Amino acid sequence: MSSGRAPLSKIHQVLAERAEARLSDAALRLLVEQTGEALVLMDAMGTVLVFNSEAGRQFRIPMPERLERGGLPGCDWVRADNMSVSLEVSPLTRALMGEPVREERWGLRRPDGTVVVLRGSVFPVSPDGSLKPSGVLLRAREELLPRLDAARGAKLLAEAGALLGAELETEAQMEPLLRLLVPTLADAGVLFLGSSGESVRAVAAVHAEPERHVSLVEMLCRYPPDSLDPRGLPALFLTGRTERTAELSEEHQVALARDAEHARLLLSLGLSSYLGVPLVARGRIIGALVLYRTDGAPGFGDEDERLAEELSRRTALSLDNARLLREAREAVRLRDEFLGIASHELKTPLTPLHLKVQLLQRQVELLALNGKPVSAERVSETLEVVQRQVRKLTSLVDNLLDVSRITAGRLKLELEEMDLASVAAEILYRFAPSAAQLHCSLELHAPVPVLGRWDRLRLEQVVTNLLSNALKYGAGKPVRMSVEADGRTARLTVEDGGIGISARDLPRIFERFERAVSDRHYGGLGLGLYITRQIVEAFGGTVKATSELGAGSTFVLELPRGDIPEEWLSVAGAPEPSP
Ligand code: ADP
């Protein structure tokens, strides 16, 4: 009996055929995605039928609907020298004309400006065997050749040499150096200066893609290198060795980020492989050159590493030379300035000395003409002036000699037991006449002896320097000195209410020749505090200043009391200080 329906066996056959078709479709799609090559199938009218995700990655464009005249939207076919080639000779156009294109090498400038080198084929497809193809199939893979051949590497080094040869005055010159490497050797690079333990700064950063460049600069501004955070600096700052990572995973980058925003910026850069080379000068790490490749581009090879190391070596050398030159110039400038001040300072006591002696000589001559004797009082008055000025000259020359002794490492200490409180009292007593002349009151608070082992003359020199500065810069306000013991440490404080020192000048006043006042208003060589600090440090102690401009200064000296008997630490057990 005929029911008008297809027999059951026929239905089974159709279903089986459909399932087979679906399966082969899925298998085909899988193959298209899994080949690892870019695959593009288009018909002769330009309609795109297949465009796999590898094609999207290589060309950096989404799947287009149509390809007009053998061009990829936003992309340019380029020659090895980066010049664009006309569309008529592009591989797609040639295949559309019926010419099979087999295993050729092409350059493609992508919409973001980067150039990828591809190796591939384009086959004309004619299902009916006709000469005019009904479509073309493109297969391409990224060429895994090193980016730099020996000739380009040598050219790059020569160009870097020219940049580094010019005197490196500013860090701004570091960016052109990075631009030589990006995108030739890397897709992104950062040059850091500094060393771990000190501050490290990113002085130049370049990313080949303009938008990502902005993100890189923003990231370095918002999240500058942090030498205190173990994740804040590449490990090469500690090891001093080149680092290479073929695959920078997203998890690894997220682990390096300090917060979510940092992670977002970091991931937006598309970094996929890393090469970090330390900049080493005189055995010290002075910075690092770090390079990245992006979006799964082949990682850095041995040749790349050698080139980056050579470039870092030359950069470090140039930076070090520039630093030495700057320091040498600064030293010469300081020396010239110092010679000017020193001559002036040495001449100042000579003028009254010369005048007084001249005056006495004239008086002696005049009195001799009249046959009269010279009064002892007048001679004594002149001699007093002479002595005062000679003392000043001696102290200036002594300071200069001390500096050369310190520089040559010849500062010798002769330690003996003594009482810091008595030393302070004695120096105060010596300064009483000058303080009275300045109408400045001097106070000492030293209720108990503070015994220790020090060099007497050097200790006197230190206290003298601090007290004479307090009077000189004290603007006539009261000066207070105190001496106390704190276990095995002796402390002497000199406090004045004078002109004070600005926060900007404070860190440098203990340096050689450094002064925070104009030499027109205050004489001095800028050596007293330098010598003070050197002596104090030779005792194993410290000297610190706190001050505010216009509100006086406080200098605190802390000295270890040396190898003294335990019982001296308590006042009761201390022996009578020697006179
Ligand atoms: P000098 O007094 O010969 O200039 P110093 O080395 O003794 O050299 O002092 C360095 C500088 O420190 C001085 O030039 C002055 O600017 C500043 N200074 C030192 N002591 C004081 C103080 N008590 N008050 C204000 N400024 C001071």
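The values are calculated or read from the model by the stated rules, or taken from the named source; none is laboratory data. Just so you know, these numbers come straight off a predicted model, no measurement behind them. A quick note on method: Cβ atoms are made from the backbone with ideal geometry, for glycine too, and the neighbour counts reach across all protein chains shown. Accessible surface is based on the protein model in full, side chains and every heavy atom, while ligands, DNA and RNA are left aside. Shrake-Rupley method; radii C 1.70, N 1.55, O 1.52, S 1.80 Å.
Of the residues R508, R520, the one with the largest accessible area comes first in the ranking R520, R508, computed with a 1.4 Å probe on protein heavy atoms. How tilted is helix 456-472 with respect to the longest principal axis of the chain? Cα atoms for both, answer in degrees (0 to 90, nearest 10). Around 80 degrees separate the two axes. Near S272, the amide H atoms lying under 5 Å from its own belong to R293, T294, D295, G296; only residues 5 or more places off or on other chains count, and H is placed 1.01 Å from N. Rounded, prolate or oblate: which fits segment 228-277 when a ≥ b ≥ c are the square roots of the eigenvalues of the alpha-carbon gyration tensor, with rounded for a/c under 1.5 and prolate only if a/b beats b/c? Judged from the Cα gyration tensor, segment 228-277 comes out oblate (a/c at least 1.5, b/c at or above a/b).
Farthest toward the positive end of the dipole of the chain, out of L291, M42, S502, is the Cα of S502, where the dipole comes from beta carbon charges about the Cα centre. In the assembled protein chains, R329 presents an accessible area of approximately 120 Å² (probe radius 1.4 Å). Among the listed pairs K372/K392; K412/K544; K412/K472, those whose Cα-Cα separation exceeds 32 Å are K372/K392. Determine the shape class of segment 302-364: with a ≥ b ≥ c the square roots of the Cα gyration tensor eigenvalues, call it rounded for a/c under 1.5, and otherwise prolate if a/b is greater than b/c, oblate otherwise. Taking the square roots of the gyration eigenvalues as a ≥ b ≥ c, segment 302-364 is prolate.
The equivalent ellipsoid that matches the C-alpha gyration tensor of the chain spans semi-axes of 86, 29, 18 angstrom, in descending order. Annotation: peptides 30-43, 189-202, ranked by per-residue average of other Cβ atoms within 10 Å with the highest first, follow the order 189-202, 30-43.
Summed over the residues of the chain and divided among them, the accessible surface reaches 56 Å² per residue at a probe radius of 1.4 Å. Quick check: at a probe of 1.4 Å, how many percent of the accessible area of segment 35-142 sits on carbon and sulfur atoms? In segment 35-142, the share of accessible area belonging to carbon and sulfur is 57 percent. With Cα atoms defining each centre, segment 408-434 and segment 328-362 are spaced 27 Å apart in the structure.
Oblate is the label for segment 413-542, because a/c, from the alpha-carbon gyration tensor with a ≥ b ≥ c as root eigenvalues, is 1.5 or above and a/b does not exceed b/c. Annotation: peptides 436-447, 484-495, ranked by per-residue average of other Cβ atoms within 10 Å with the highest first, follow the order 484-495, 436-447. Relative to the longest principal axis of the Cα atoms of the chain, the long axis of helix 150-165 makes an angle of roughly 30 degrees. The aspartates and glutamates whose alpha-carbon is closer than 18 Å to the alpha-carbon of K10, local same-chain residues fewer than 8 away aside, are E20.
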